[in-house]
Amino acid sequence: MDLESANAAGCLLHLEFQRRVTDRERTEVLALSRAGAKELARTMEVDLPSVPYSTRSNSARSAFFLDHTLSRNGFALSLAMSGQRVGGAPLYSWEHDRDRLSDSVSLMTPEGEFRRQPLEADGLAICRGPHGIEGLLVEIDRGTEPPSYLGRKYGGYLEWWRQGRHLKRFDVKTIRILTVAPDHRRTARLRQACQAATAGKAGGLFWFGSEDAIAKEGIASPIWSTAKVEHLPLWS
């Protein structure tokens, strides 16, 4: 079966990916569909499970994963480069292992029942700030979850912090939880969700910034907001 026949028989998927971050145009990629895998397995006389294939849904998930990973790594790089400049906060370590960062906390619902709130950040930076060693627990938001989902997570983080779990888990006395969203509009919505979920308590624990502002002004610039105050530098 030639390429044209395979395409006509539904054995191929036409997908578009961005090969490099700097590319303006997407590249068309041909992938083997489930129907194509069946045909290939029949032709080669092998078991179907031994032939990998793609679907549009898992290819889309791969693109989301890549986007999230690039954003997380880009933030870590910006933080490291900022720490090398005069007045910056040196980055001692960066961690993004899921097993290392995963935790959970029990919260009481309005109905008086306890529920488990999973907590899994995207990264942990240990820096030497102006006032000593500090941990930055980083949430990279890509706008794929409703603000209410992050709101529940912020409520969990507040209880987690109150219990001193950051000290037990990461051995840091001072910690902030940074949320990095794609743009200012999304950042504002997440701040509102945080305020609602925490009743405005521990306002200095939660910090919000946008990728757009970091790229334009720099990560240490006064582009950050807490749950209560806007236009703050990351270090002061």
* Structure fact -> Per the helix-only model, the chain has a calculated mean residue ellipticity at 222 nm (DSSP H runs of ≥4, -39500 (n - 2.57) each, divided over all residues, rounded to the nearest 500) of -12000 deg cm²/dmol
* Work out from phi, with θ = phi - 60° and the Karplus expression 6.51 cos²θ - 1.76 cosθ + 1.60, the ³J(HN,Hα) of each residue of segment 167-174, listed in order in whole Hz, and give x for Gly and Pro. => 6, 5, 7, 10, 6, 10, 7, 10
* Asked: If we sort 182-189, 223-230 on the protection proxy, mean other Cβ atoms within 10 Å, highest first, what's the order?
  -> 223-230, 182-189
* To do: Can you check what the net charge comes to around W235, using other residues whose Cβ is under 12 Å from the Cβ of W235 (Lys, Arg +1; Asp, Glu -1)?
  => +2
* Summing Lys, Arg as +1 and Asp, Glu as -1, what charge do residues with Cβ under 12 Å from the Cβ of L137 carry, L137 excluded? -> -1
* Calculated from backbone phi, Karplus (6.51, -1.76, 1.60) coupling profile of segment 146-160 in Hz, x at Gly/Pro -> x, x, 4, 5, 5, x, 4, 5, 4, x, x, 4, 4, 5, 4
* **Residue among G10, Y157, T43 farthest towards the positive dipole end of the chain, charges placed on Cβ** => Y157
* Derived scalar couplings ³J(HN,Hα) [segment 74-89; Karplus, 6.51 cos²θ - 1.76 cosθ + 1.60; whole Hz; x for Gly, Pro] -> x, 5, 4, 5, 4, 5, 5, 5, 5, x, 8, 8, 4, x, x, 10
* Which percent, nearest 5, of DSSP beta bridges in the chain are antiparallel? -> 70
* Return the long-range amide H neighbours of T179 (sequence gap of 5 or more, or a different chain), with a cut-off of under 5 Å between placed amide H atoms. => E139, W207, F208, G209
* Asked: Cross-link partners among aspartates and glutamates for K38, C-alpha distance below 19 Å, same-chain residues fewer than 8 apart left out?
  -> D2, E4, D47
* Asked: What number of lysine-lysine pairs in segment 78-230 show an alpha-carbon separation below 26 angstrom, given a sequence spacing of 8 or more or placement on distinct chains?
  -> 9
* **Dipole magnitude of the chain about its Cα centre (Cβ charges: Lys, Arg +1; Asp, Glu -1), debye to nearest 20** => 880
* Asked: Which order do peptides 151-164, 91-104 fall in by mean Cβ count within 10 Å, highest first?
  -> 151-164, 91-104
* What ranking do 105-115, 29-39 get when scored by the average of other Cβ atoms within 10 Å per residue, highest first? -> 29-39, 105-115
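Just so you know, all these numbers are worked out from the coordinates, no wet-lab data involved. What you see is a predicted model; the values in this text were computed from it and never measured. Cβ atoms come from the backbone with ideal geometry, glycine included; neighbour counts cover every protein chain shown.
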